[in-house]
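Following: one structure in structure tokens, then a few remarks.
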Amino acid sequence: MNRGSGLRIGKILGIPIYLHSTWVFIFAAITYMIAAQFKQQHPLWTETQHWTVGVLTSLLFFASVLFHELSHSAVAQHYNIRVVSITLFLFGGLARIEREPSRAIQEFNIAIAGPLASGFLSGGFFGLTLLFPYSQTVGALATWLCGTNAALAVFNLLPGFPLDGGRIFRAIVWGATKSFEKATRVAGASGKMIAYAMILFGAWGVVHGNVQMLWTVLIGWFILNAAQESVAQMAIRETLAGLSAADVMSKEVPTVPGHITLEEYGTEVLRTGRRCHLVVSDDRLVGMMNVHTLNAIPREEWAHSSVQAAMIPRQKILWTSPDEPLLGLLERLLSADVNQMPVVSGARDDAPQIVGIVTRDSILRVMQTRSELGPVATSR
Ligand SMILES: [Zn+2]
């Protein structure tokens, strides 16, 4: 999932809430399913009644999913971990937090908050059925939501990463072994096993004529991807461990004058093969120019536009320092969607000096080389 992909619908607890494009389909499908179920259970209701209660139930279901994600988020915020966004999508919700928790107990509490919230909602809707024993509509709605929230709590407790249960499992292994890497690997492996089991079980159901089991296959497939991704992220962490910006930066930082045209800049790029330049004017750094920015300008404007007009101005450049750990730096590059960052030393004193430039490519090259060589002991 990309950061904040989809339609932004609001902000709760300071967290932007997004609807993923798949949400529309799932909302329609769930509403249809619920309405069909109500039709079967309550044949005396009018058509309007089936659909109104169906839509209402469906909306409350998504509110329940949102409540589940907000519970994770509230606990994360309690530990000063920023929650970047919450996205509601095909298989429920996803709260993106800025960093992994730094202690096992934090991960445990953040993870368990979701299933607890769903369990709490399930109990609440059960209470509603007792409060309105004679209302068929409220009864049907509350019964469905009571069951679904209970199912959500139980399903999320399955001990496979990336489900909440997998995180709880990881936190326990992490606490016991003191190794985050080992814990992630174990939880990732059990996530894959659960995913394969769901895919097989679902496929078996579909083959035997139960089309609804296709859901189980889809969810299993989704978990499989997420489990693989989390293990891959772990591998990246390991390859980049101990490295900092100074290790991969290129010390040669090419410059171009601000007054040249984009046409001339394009020629310079073709001639040297360098894709990024710092822009100077009267010996002062005024900005940064690269191929990406150049390509954003229509070709016919290159002849009469200057580099200075098109460049990323100095205030908008993202900087790094020689000692910034590579993993954090890569995350910053990716989340800001930039390809390179100048390395500045002495930024805290009065005389900042550009000592090099780090590019995504240079980080990827290091990762590739290191993974080809296998695990090597770093000098630090
Ligand atoms: Zn959850």
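Bear in mind these aren't lab numbers, they're just calculated from the coordinates by the rules spelled out. In this text the structure is predicted, and so the values were computed from the model without any measurement. Cβ atoms come from the backbone with ideal geometry, glycine included; neighbour counts cover every protein chain shown.
General observations
- Potential lengthening between LYS39 and ASN210 on full extension [0.36 nm per residue; Cα-Cα distance subtracted]: 59.6 nm
- Multiplying each eigenvalue of the alpha-carbon gyration tensor of region 245-373 by 5 and taking the square root yields semi-axes of 26, 18, 12 Å, largest first, rounded to whole angstroms.
- Alpha-carbon centroids, region 33-96 and region 299-365: separation in whole Å: 42
- 0 to 90° range, to nearest 10: angle between helix 262-272 axis and the chain longest Cα axis: 80
- Proxy reagent accessibility, fewest Cβ within 10 Å first, across PHE180, PHE169, PHE161: PHE180, PHE169, PHE161
- Nearest 10 degrees, 0 to 90: helix 180-207 Cα axis against the chain principal axis: 50
- Whole-Å distance, taken between Cα centres, linking region 150-183 and region 218-278: 32
- Neighbour cut-off at most 16 other Cβ (10 Å), DSSP loop, GluC sites (Glu not before Pro), region 79-183: GLU98
- Average Cα contact separation per residue, region 9-119, under 8 Å, 6 or more apart, as relative contact order %: 30
- Folded to 0 to 90 degrees: helix 326-336 orientation relative to the chain principal axis, Cα: 80
- Spin-label model, ASN339/GLU181: points 7 Å from Cα along the beta carbon direction are separated by 3.2 nm.
- For ASP282, ASP361, the sequence from fewest to most other C-beta atoms within 10 Å is ASP282, ASP361.
- Taking all Cα pairs closer than 8 Å and separated by 6 or more residues, the relative contact order of region 93-207 comes to 23 percent.
- Mean separation of Cα contacts under 8 Å (6+ apart) over length of the chain, as relative contact order %: 10
- Farthest positive-ward along region 245-373 dipole, Cα basis, beta-carbon charges - from GLY258, HIS292, ILE317: HIS292
- Three-way shape call for region 7-240 based on the alpha-carbon gyration tensor, with the a/c threshold at 1.5: prolate
- Radius 12 Å from Cβ of ALA245, net charge of other residues (Lys, Arg +1; Asp, Glu -1): -1
- Extended-chain gain in nm, criterion 0.36 nm per residue less alpha-carbon gap, LEU364 and LEU130: 78.3 nm
- Spatially proximal lysines relative to LYS178 (Cα-Cα < 25 Å; intrachain offsets below 8 disregarded): LYS192
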